[in-house]
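Note sheet for the following structure.
The values are calculated or read from the model by the stated rules, or taken from the named source; none is laboratory data. In this text, all values refer to a predicted model and were calculated from it rather than measured experimentally. Virtual Cβ from ideal backbone geometry, glycine too; neighbours counted across all protein chains shown. Heavy atoms of the whole protein, side chains included, go into the accessibility calculation; ligands, DNA and RNA do not. Shrake-Rupley method; radii C 1.70, N 1.55, O 1.52, S 1.80 Å.
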Amino acid sequence: MTRIEIPSDRFIARPDSLWSRQWFALTSGNMAQNTFNTMTVAWGGFGTMWAKPFVQIVVRPSRYTFQFMEKHSSFTLCAFPKSYKKALQVLGTKSGRDCNKIAEAGLTPVSASVVAAPLFDEAELAIECRKMYWDDMKPENFLDKEIESNYPDGDYHRIYFGEIMAITGTERFNS
Ligand SMILES: Cc1cc2nc3c(=O)[nH]c(=O)nc-3n(C[C@H](O)[C@H](O)[C@H](O)COP(=O)(O)O)c2cc1C
């Protein structure tokens, strides 16, 4: 898909709808070394941190993608047109440990413009990030006790902040 470069201060989106309804493919690793993995994410956010544009994502240590997030310095987030919902279901239910789910989902990895982690050609929005911070979710800090019900196996997310290094997208993400 043809995407234009979007400066971070011109980027427009409906964040809640984008995360919770459209979902993202999170990819970490290195395209040149042909070592990367992708999974679907629906929890996260965008904003400003330490005066830089950033995204926050949360990854459970049990995910294969977690190993790539730990080892590599960059990650990307790709959002797709509605017709790719099935592809995101595949990426969000199968593990890269067991199969080539990217091929199964019918997606084409392509080099990003700035970071080592790849993007997907089919994306209508692609955000390239450099890892800048992490922390682990601490159950003792849950102010709403209902949050604990998300963690029946104690698989607390690791939180990552990524500095946004580049955004490309279709015209509708550009103001
Ligand atoms: C809609 C949707 C949203 C998801 N969001 C997250 C998330 O934000 N964080 C997370 O750790 N797992 C999330 N998952 C689960 C992973 O995508 C899933 O476990 C995936 O199979 C992991 O693949 P991997 O083992 O190849 O890394 C989500 C799954 C779906 C279907």
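See the values below:
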{"item": "Exposure rank, largest accessible area first [CYS99, CYS129; 1.4 Å]", "result": "CYS99, CYS129"}
{"item": "25 °C / 0.890 mPa s Stokes-Einstein diffusion coefficient of the chain, Kirkwood radius on C-alpha pairs, µm²/s", "result": "150"}
{"item": "Accessible area, probe 1.4 Å, largest first, for residues ASP155, ASP144", "result": "ASP144, ASP155"}
{"item": "Cα convex hull of segment 108-154 - mean projected area over all directions, nm²", "result": "5.8"}
{"item": "Gyration tensor (alpha-carbon) shape descriptor, segment 90-169, a/c threshold 1.5", "result": "oblate"}
{"item": "Accessible area of the chain belonging to carbon and sulfur atoms, whole % at 1.4 Å probe", "result": "50"}
{"item": "Debye log10 I(q)/I(0) for segment 1-67, one point scatterer per Cα, at q = 0.13, 0.26, 0.27 Å⁻¹", "result": "-0.48, -1.23, -1.23"}
{"item": "Segment 69-133 shape via C-alpha gyration tensor axes, a/c threshold 1.5", "result": "oblate"}
{"item": "Highest average packing first - 8-16, 113-121, Cβ atoms within 10 Å", "result": "113-121, 8-16"}
{"item": "Flagged links, alpha-carbon separation over 29 Å, of LYS71/LYS101; LYS82/LYS145; LYS101/LYS131; LYS71/LYS145", "result": "LYS82/LYS145; LYS71/LYS145"}
{"item": "Accessible area per residue, Å², the chain with all protein chains present, probe 1.4 Å", "result": "53"}
{"item": "Sum of -39500 (n - 2.57) over DSSP H runs of 4+, divided by residues of the chain (222 nm, nearest 500)", "result": "-3000 deg cm²/dmol"}
